[in-house]
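*Asks:* Could you have a look at this structure, given as structure tokens, before my questions?
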Amino acid sequence: MLDYRDVYGQYDRITSVGMFEHVGIKNLPLYFSKLNQLLAGDGLMMNHGICTTNTDHRTARYGAGEFIAKYVFPYGELPHAGTVLLAMQDGGLETLDVENLRRHYARTCTHWADNFERNDALIRSLVDDKTYRIWRIYLAGCAHAFENDWVSLYQVLCGKSGRPTNRLPWSRRYMYTT
């Protein structure tokens, strides 16, 4: 594990999961510029990250952002999806496909919260009461936030700007074969 700024080389494929929330909104152009430097000329990058649905970059409605900032992910920032796409383009990356996984992540967080409740005794035996309460409310709150469109989860496929896109299929059908 190392800081993305300390990675060197060229890569045909780059996957970034849950990273830009920790980079900070003002550092997104630097982040995507660095990923552009790392990406081979005909390479592809997939970025998967949580975004706020507020265009003014408040992290979530009703104080949820403050709770998470204080107890779960200090210094995390949720950009709006539009801000991410602009920063990618400014960093030399062309957006090729965007998929919103909000409803899927709402269900995932609900399953996590339900599993947490089912394993109450075990979890209480592993952590102190404060940690238990924080993660209990965090999981339930995240499920609620995703369900109600306070936050969302996007996967964005991109490549270097100005490159031919002939390596991509013409439709998404290949992803959904049964």
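The values are calculated or read from the model by the stated rules, or taken from the named source; none is laboratory data. For clarity, every value in this text was computed on a predicted model and none was experimentally measured. Note that each Cβ is placed from the backbone with ideal geometry, even for glycine, and that neighbours are counted across all protein chains shown.
*Asks:* How do the pairs read when you match residues in region 138-160 that are over 21 Å from Arg172 (Cα atoms) with residues anywhere that are among the β-branched types (Val, Ile, Thr) and modelled with pLDDT of 95 or more, using Cβ under 8 Å and keeping only pairs 6 or more apart or on different chains?
*Replies:* Final answer for the pair search is Ala143/Thr110; Glu147/Thr110.
*Asks:* Still on this model: Would region 56-79 turn up any residue that is closer than 29 Å to Trp170 by Cα and buried (at least 16 other Cβ atoms within 10 Å of the Cβ)?
*Replies:* Scanning region 56-79, I find no residue that is closer than 29 Å to Trp170 by Cα and buried (at least 16 other Cβ atoms within 10 Å of the Cβ), so the answer is no.
*Asks:* Next up: Criterion first (over 18 Å from the mean Cα position of the chain (by Cα), at pLDDT below 90 and of a type in the set (Gly, Ala, Ser)) does Gly63 satisfy it?
*Replies:* Yes; evaluated as a whole, the condition is true for this residue.
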